[in-house]
Amino acid sequence: MKKFKDLSATAKKEVKEHYNSVPHQHPHMKMNYDDVEGRMAKQSLYKLHKYSRELFEMLDDHTELEAWVQDKISRACSYISSVKHFLEYEMDHGSEDNPYEEFEYDDDQDMIEDVHHIDDLIPLLKQIYKVQESHKINLKDVQVIVEPDDAGVLYETYKKLNDENKKEFSKKIFESKEDFWNMVSFSRSRGE
């Protein structure tokens, strides 16, 4: 089978004319059939999918990970999320007024974690304490900035609670911003 680059100029022109006349499933996307970025992106996404699946199967919910490993996974998630939302909007609405187009990721920018369950929050608290950096967290509809010391006392307190108290702690911490900070105060008072 001949590759596009091996075709004559006339044949290339015919192929381009054919593809330009075929309606594309995403009419707002600009098509340039000389480029192979789409194919290269699909190859990278295939590898990303494969490696992500393997990592997902390797890890247990309570697996200890180095801070830099957690950071790389979190950044990869953020990057792929930005690309997905950008392309999704672009395919539906075209490039005009795409809110994702002007987005520039700043490595120093805080990442915001969406957390909806205590089983996701506790490892995150441990990570925040371990790397000693504040972190923005969305707890259902409430956004809080958790400092490393606060993360440490919450984590240590939770570990020491019995099962019934863990349920109450879990319920309270997600109710409101005020309840979150009340749990921080409660945890500090237990630690003294």
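The values are calculated or read from the model by the stated rules, or taken from the named source; none is laboratory data. Please read these numbers as outputs of a predicted model, since none were measured by experiment. Note that we place each Cβ from the backbone using ideal geometry, even for glycine, and neighbour counts take in every protein chain shown.
Things to note:
- Positions within the range 169-178 being without any contact (Cβ under 8 Å) to a residue 12 or more places away in the chain and either among the basic types (K, R) or surrounded by 15 or more Cβ atoms within 10 Å (Cβ to Cβ) (or both), in sequence order: K171, K172
- In the range 66-93, residue nearest to K130 (Cα to Cα) [restricted to those that are touching a residue at least 60 places away in the same chain (Cβ under 8 Å) and of a type in the set (A, V, I, L, M)]: A67
- Checked against (1) within 30 Å of I80 (Cα to Cα); (2) over 26 Å from the mean Cα position of the chain (by Cα); (3) not polar (S, T, N, Q), L121 passes all but a single condition, namely (2).
- When residues of the range 182-192 are limited to those that are in contact (Cβ under 8 Å) with a residue 24 or more places away in the chain and over 18 Å from Q127 (Cα atoms), the one surrounded by the most Cβ atoms within 10 Å (Cβ to Cβ): M183
- Across the range 56-69, not a single residue is classified as surrounded by 12 or more Cβ atoms within 10 Å (Cβ to Cβ), assigned to a helix (DSSP H, G or I), at pLDDT below 85 and of a type outside the set (K, R).
- The set of residues in the range 136-168 being within 15 Å of D119 (Cα to Cα), at pLDDT below 85 and surrounded by 14 or more Cβ atoms within 10 Å (Cβ to Cβ) consists of I137, L139.
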